[in-house]
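The structure under discussion appears below in the form of structure tokens.
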Amino acid sequence: MKLDLQLYRGYANDEELVVFGHLFKSWAPDKFQTDRKGFKHAFSVLHMFRISPLKNVEVRLRFKDIDVTTRTMDDGFFRFNVPYENNLESGWHTYEITCKPKEVDYGIIEKAEFLKPFESKLSIISDIDDTFLISHSGNIFKKLYVMLARNVNHRKTFEDVVRHYQSLSTSGQDEEGKRNSFFYVSSSEWNLYDFIVQFTKLQELPKAVLKLKSIKTGISDFLRTGGGNHDHKFIKIKDIIAFYPQQHYVLLGDDSQQDAFIYERICKMFPVNISAVYLRQTQKHQHKKISKVLENIEEMGVATCYFKKSSEAIKHSKEHGIIKAE
């Protein structure tokens, strides 16, 4: 039996460490290859949705003086929430997960990173599809075609979005190497984690903690990728803000799904934490319902921007002191 231990970027504060991942019997061959083309690329994408989770298997976390075990859930997912009050410098740290199922003669070891945020006045939570990655979420057939026909090297961001995100990343940070924390929260499934990490790295987007939707385990699920209920995004954003309650946040999304309504709920729940809400316009005309929601958010004292081009968002950020004016 082939094992695949998929780890994700975790996060920590002054009291707790959170890391998580999945354990499978199989995964896409050689993970997700950036250079696959044509049918090989399409097969690679489809194969990412043909996985067999391993449930109730013991996994072990090691980091400095931490050495603890837990077991995987029914979908192969595992998560460690571990108290950790030792001094830990800000930045990215490497953790290790090991496991050895009883039915095999060998184990597996993988390493990944978690973030202890740098001191800052600002953190950023962003959606992915049609917020910075051109995905055509409003047209399911076009979205699936793009996923199957274009490998990671040929997917695109919106013009100026990288410049905006890089400015948000460095806003208020004067020391070399220090950055504001980024979180990418999306309705894309964990199946697409490697693709998203590679894409953001290629595009030079800020390195971020990712929070995605529950794993899918069949080809039929691929046809519904990114769809369904989006309430998980509200829960994940709520958890991030509750984990770092002293931070102020910029929320970025688009008008193709439920971002505006989710962000409105977040603003109501955390009345002093949200500095600004940005929503990308994905169609020719702005949605009246979206505009009305943003008006309500602005009445709560949160700056809002409903924009077609990222240059408009950059201008707004400068005018409101969110990023430094040149």
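For region 297-315, state whether one or more residues are open to solvent by less than 10 Å² (accessible area, probe 1.4 Å), of a type in the set (A, V, I, L, M), closer than 15 Å to VAL161 by Cβ and not in a helix (DSSP H, G or I).
Looking for residues that are open to solvent by less than 10 Å² (accessible area, probe 1.4 Å), of a type in the set (A, V, I, L, M), closer than 15 Å to VAL161 by Cβ and not in a helix (DSSP H, G or I), one finds none in region 297-315, hence no.
Any residue at all in region 77-96 that is under 19 Å from LYS2 (Cα atoms) and open to solvent by 40 Å² or more (accessible area, probe 1.4 Å)?
Taking every residue of region 77-96 in turn, at least one turns out to be under 19 Å from LYS2 (Cα atoms) and open to solvent by 40 Å² or more (accessible area, probe 1.4 Å).
Just to be sure before I move on: is HIS285 surrounded by 17 or more Cβ atoms within 10 Å (Cβ to Cβ) and either modelled with pLDDT under 95 or within 22 Å of GLN166 (Cα to Cα) (or both) in the structure I sent?
The answer is no for HIS285.
Sort out which residues of region 147-169 are among the polar types (S, T, N, Q) and free of Cβ contacts under 8 Å to residues at least 60 places away in the same chain, and write them in order of number.
Across region 147-169, the qualifying residues are THR157, GLN166, SER169.
On the basis of being open to solvent by less than 10 Å² (accessible area, probe 1.4 Å) and farther than 24 Å from SER214 by Cβ, does TYR263 make the cut?
So TYR263 does not fit the description; no.
For ARG150, are the conditions met, namely being more than 23 Å from GLN258 (Cα to Cα), at pLDDT 90 or above, open to solvent by 70 Å² or more (accessible area, probe 1.4 Å) and in contact with a helix residue (DSSP H, G or I) (Cβ under 9 Å, 6 or more places away or on another chain)?
It is false that ARG150 is more than 23 Å from GLN258 (Cα to Cα), at pLDDT 90 or above, open to solvent by 70 Å² or more (accessible area, probe 1.4 Å) and in contact with a helix residue (DSSP H, G or I) (Cβ under 9 Å, 6 or more places away or on another chain).
Restricting attention to region 76-92, does a residue exist that is within 19 Å of PHE243 (Cβ to Cβ), under 21 Å from the mean Cα position of the chain (by Cα) and of a type in the set (Lys, Arg)?
Looking for residues that are within 19 Å of PHE243 (Cβ to Cβ), under 21 Å from the mean Cα position of the chain (by Cα) and of a type in the set (Lys, Arg), one finds at least one in region 76-92, hence yes.
Taking the residues in region 70-89 that are touching a residue at least 40 places away in the same chain (Cβ under 8 Å) and out of contact with any Leu (no Cβ under 9 Å at 6 or more places or on another chain) as candidates, determine which candidate is farthest from SER123 (Cα to Cα).
Among those residues, the one meeting the criterion is ASP75.
Quick check: anything in region 38-56 modelled with pLDDT of 80 or more, in a loop (DSSP other than H, G, I, E, B), open to solvent by 20 Å² or more (accessible area, probe 1.4 Å) and among the small types (Gly, Ala, Ser)?
Yes: one or more hits.
When you check PHE114 against the structure, is it part of a strand (DSSP E or B), surrounded by 13 or more Cβ atoms within 10 Å (Cβ to Cβ), in contact with a His (Cβ under 7 Å, 6 or more places away or on another chain) and not acidic (Asp, Glu), yes or no?
yes
Could you list, in sequence order, the residues of region 96-146 that are closer than 19 Å to PHE77 by Cβ and among the charged types (D, E, K, R)?
GLU96, LYS100, GLU110, LYS111, GLU113
Is one or more of the residues making up region 90-106 assigned to a loop (DSSP other than H, G, I, E, B), in contact with a helix residue (DSSP H, G or I) (Cβ under 8 Å, 6 or more places away or on another chain) and either touching a residue at least 40 places away in the same chain (Cβ under 8 Å) or within 30 Å of LYS315 (Cα to Cα) (or both)? Talk me through it step by step, then tell me what you get.
As a first pass, look at region 90-106 and keep what is assigned to a loop (DSSP other than H, G, I, E, B): 90, 100-106.
From what's left, in contact with a helix residue (DSSP H, G or I) (Cβ under 8 Å, 6 or more places away or on another chain): none.
The answer is no; no qualifying residue exists.
Among the residues of region 245-265, how many are more than 13 Å from SER123 (Cβ to Cβ) and in contact with a strand residue (DSSP E or B) (Cβ under 8 Å, 6 or more places away or on another chain)?
Qualifying residue count for the region: 9.
The values are calculated or read from the model by the stated rules, or taken from the named source; none is laboratory data. If you're wondering where the values come from, they're calculated on a predicted model, not measured in any experiment. Using ideal geometry, Cβ is built from the backbone for each residue, glycine included, and neighbour counts are taken over all protein chains shown. Areas reflect the complete protein model, heavy atoms only, side chains present, ligands, DNA and RNA absent. Shrake-Rupley method; radii C 1.70, N 1.55, O 1.52, S 1.80 Å.
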